[in-house]
Amino acid sequence: MNITSLLKEAELSPTLLEDRAEYIQTVRQGISGRVVKLAVDVLGERELFTSLLNTNSTNLSRFYGKILTKFATEGILDTFRVFQNAINAFEDEEMAIEWLHTSIPALAGERPISLCDTSEGRKIVKESLRAIEYGEFT
């Protein structure tokens with residue numbers, strides 16, 4: 001689930017998620033739908049990506065050959081940030097994945113992964129991950 005490897009394989013800069021100017025420029029240009037295919041293959045979160053693209057599982061492959069809109073690009077890249085933040089917080093990919101798929105009382109019993117389909121949900125998950133990094137709660 002290495003996000004840096006995913007970015008490299010998608011021919012995106014490995015610093016894209018940390019460099020704000022680079023992130024904004026990439027969002028403005030749009031990313032290839034090929035990135036979505038790679039993300040589904042690597043992360044295995046097909047349902048999340050169909051939700052981010054407002055489509056269904058059957059039609060997801062229609063996006064693979066297109067350049068995504070700014071809105072879709074930002075949702076995909078920000079979701080990558082959530083995954084990267086989880087890996088950083090737990091310093092272990094398996095633990096990060098487990099946490100993303102576990103019902104969390106501090107998130108009203110929601111699974112963090114289920115909140116990642118909206119920008120506000122991703123913001124809440126990233127805030128929770130920051131709190132974990134700083135030892136505010138587990």
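The values are calculated or read from the model by the stated rules, or taken from the named source; none is laboratory data. Please read all numbers here as calculations on a predicted model, not as lab measurements. Using ideal geometry, Cβ is built from the backbone for each residue, glycine included, and neighbour counts are taken over all protein chains shown.
The table below lists the values:
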{"read-out": "Elements of type helices (runs of 4 or more DSSP H) contained in region 15-104, each with 3 or more residues being crowded, with 16+ Cβ neighbours inside 10 Å and hydrophobic (A, V, I, L, M, F, W, C)", "value": "33-43, 46-52, 70-90, 93-100"}
{"read-out": "Condition met for R81 (charged (D, E, K, R), touching a His at 6+ places or on another chain (Cβ under 8 Å) and modelled with pLDDT of 95 or more)", "value": "no"}
{"read-out": "Yes/no for L12 being assigned to a loop (DSSP other than H, G, I, E, B), out of contact with any Lys or Arg (no Cβ under 6 Å at 6 or more places or on another chain), surrounded by 19 or more Cβ atoms within 10 Å (Cβ to Cβ) and touching a residue at least 24 places away in the same chain (Cβ under 8 Å)", "value": "no"}
